[in-house]
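Here the structure is laid out as structure tokens; the discussion comes afterwards.
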């Protein structure tokens with residue numbers, strides 16, 4: 001097959017890194033990027049590719065493919081080798097304020113992309129998802145691809161629905177659909193509402209660091225470059241109709257991550273504030289990635305300690321990028337989410 005790749009959400013955190021990897025990995029292929037440029041998608045992330053003839057950006061909504069006039073004819077003509085669907089509303093906290101936006105983009109957007117690919121005869125479709133569809137784990141064990149879906153938030157429920165919809169298109173229409181589910185990502189270009197970049201930006205400004213609950217929630221962390229490598233391996237080697245877990249083998253308590261981050265920056269742990277927990281906060285995630293290792297040859301390259309140190313350095317060196325994305329709407333979001341919590345919190349000795 002030939003014709004290049006269509007990436008949705010390519011100006012977001014994971015999408016930005018994936019677009020770069022695809023261009024490097026497939027030197028003869030074009031990469032088209034469909035992104036609406038909502039608050040978490042920054043066109044500036046890929047400004048350096050403006051002169052790259054194999055890269056094409058199209059601003060548009062995944063739930064309305066016919067509006068970007070130059071994309072639809074290309075898609076309708078079967079001009080893509082594969083669709084890699086990453087576009088999504090992705091932050092749990094925001095889904096608690098406005099679930100409708102998550103259903104619109106994550107569910108309806110997925111349906112439209114599946115239909116668009118099917119009508120165009122683009123058989124290969126990679127649905128990029130999250131470990132949050134599995135819900136919360138107890139103190140032992142790990143999620144496998146056969147674990148039941150028990151989403152805890154509107155965000156994770158919308159992603160679970162999208163996964164099931166994508167798999168149904170394989171079963172019903174014979175599309176070559178592959179689903180990947182990753183653990184918590186970190187790395188360059190992550191919007192500063194997520195734990196690691198939020199804590200970095202606030203620590204650099206000597207502002208209090210809001211840590212939910214007791215900080216003992218556990219996440220498995222994967223560097224975004226390892227995740228993108230896993231997506232490409234699923235594209236190249238994945239079995240249609242299968243799900244692949246992509247984990248980083250790096251379970252850490254949130255509090256431990258924040259303390260390590262502060263140590264790297266030479267900042268005191270007295271900046272930490274334990275604030276009121278968010279509703280439905282999953283206690284622990286852990287990923288069993290044996291299927292991806294066996295069938296795809298997936299193996300994370302980054303140790304968490306090294307990956308975190310490099311991520312911190314990236315944010316220190318790209319302070320102008322961080323300042324640009326923290327616009328008025330982001331400041332209002334922080335105000336809505338954390339102000340009352342921080343006012344009620346006291347400095348905490350860890």
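When residue 89 is tested against (1) closer than 30 Å to residue 216 by Cα; (2) in a loop (DSSP other than H, G, I, E, B); (3) modelled with pLDDT of 90 or more, only condition (3) is not met. Restricting region 118-128 to residues that are closer than 16 Å to residue 165 by Cβ and in contact (Cβ under 8 Å) with a residue 60 or more places away in the chain leaves a set whose member that is surrounded by the fewest Cβ atoms within 10 Å (Cβ to Cβ) is 126.
Quick grid of which residues meet (1) in contact with a strand residue (DSSP E or B) (Cβ under 9 Å, 6 or more places away or on another chain); (2) in contact (Cβ under 8 Å) with a residue 24 or more places away in the chain; (3) surrounded by fewer than 23 Cβ atoms within 10 Å (Cβ to Cβ):
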{"site": "76", "(1), (2), (3)": "no, yes, yes"}
{"site": "80", "(1), (2), (3)": "yes, yes, no"}
{"site": "92", "(1), (2), (3)": "no, yes, yes"}
{"site": "102", "(1), (2), (3)": "no, yes, no"}
{"site": "108", "(1), (2), (3)": "no, yes, yes"}
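For region 199-208, enumerate the residues that are in contact with a strand residue (DSSP E or B) (Cβ under 9 Å, 6 or more places away or on another chain) and surrounded by fewer than 24 Cβ atoms within 10 Å (Cβ to Cβ).
202, 203, 208
Look at region 281-299: where a residue is at positive phi and a partner is crowded, with 17+ Cβ neighbours inside 10 Å and modelled with pLDDT of 95 or more, sitting 6+ places away or on another chain with Cβ atoms under 7 Å, you get 297/233. In this entry, residue 172 is excluded by the filter for residues that are free of Cβ contacts under 8 Å to residues at least 40 places away in the same chain, out of contact with any helix residue (DSSP H, G or I) (no Cβ under 6 Å at 6 or more places or on another chain) and within 26 Å of residue 257 (Cα to Cα).
Tallying residues that are within 22 Å of residue 143 (Cβ to Cβ), assigned to a helix (DSSP H, G or I) and either modelled with pLDDT under 95 or over 19 Å from the mean Cα position of the chain (by Cα) (or both) within region 205-241 yields 1. Checked against (1) free of Cβ contacts under 8 Å to residues at least 24 places away in the same chain; (2) within 30 Å of residue 342 (Cβ to Cβ), residue 277 passes all but a single condition, namely (1). Residues that are within 25 Å of residue 214 (Cβ to Cβ), modelled with pLDDT of 95 or more and in a helix (DSSP H, G or I) do occur in region 270-290. Please determine whether any residue of region 31-44 is at pLDDT below 95 and part of a helix (DSSP H, G or I). Yes: region 31-44 contains one or more residues that are at pLDDT below 95 and part of a helix (DSSP H, G or I). Among the residues making up region 144-156, those that are over 25 Å from residue 123 (Cβ atoms) and in contact (Cβ under 8 Å) with a residue 24 or more places away in the chain are 144, 152, 153, 154, 155, 156. Within region 146-168, can one find any residue that is in a strand (DSSP E or B), touching a helix residue (DSSP H, G or I) at 6+ places or on another chain (Cβ under 7 Å) and modelled with pLDDT of 95 or more? No, there is no match, as no residue in region 146-168 is in a strand (DSSP E or B), touching a helix residue (DSSP H, G or I) at 6+ places or on another chain (Cβ under 7 Å) and modelled with pLDDT of 95 or more. Within region 282-298, track down each residue that is in contact with a helix residue (DSSP H, G or I) (Cβ under 9 Å, 6 or more places away or on another chain) and surrounded by 14 or more Cβ atoms within 10 Å (Cβ to Cβ). Across region 282-298, the qualifying residues are 282, 285, 286, 287, 289, 292, 295, 296, 298.
The values are calculated or read from the model by the stated rules, or taken from the named source; none is laboratory data. Everything quoted here is computed from the prediction, not taken from an experiment. No Cβ is skipped: glycine too gets one built from the backbone with ideal geometry, and neighbour counts run over all protein chains shown.
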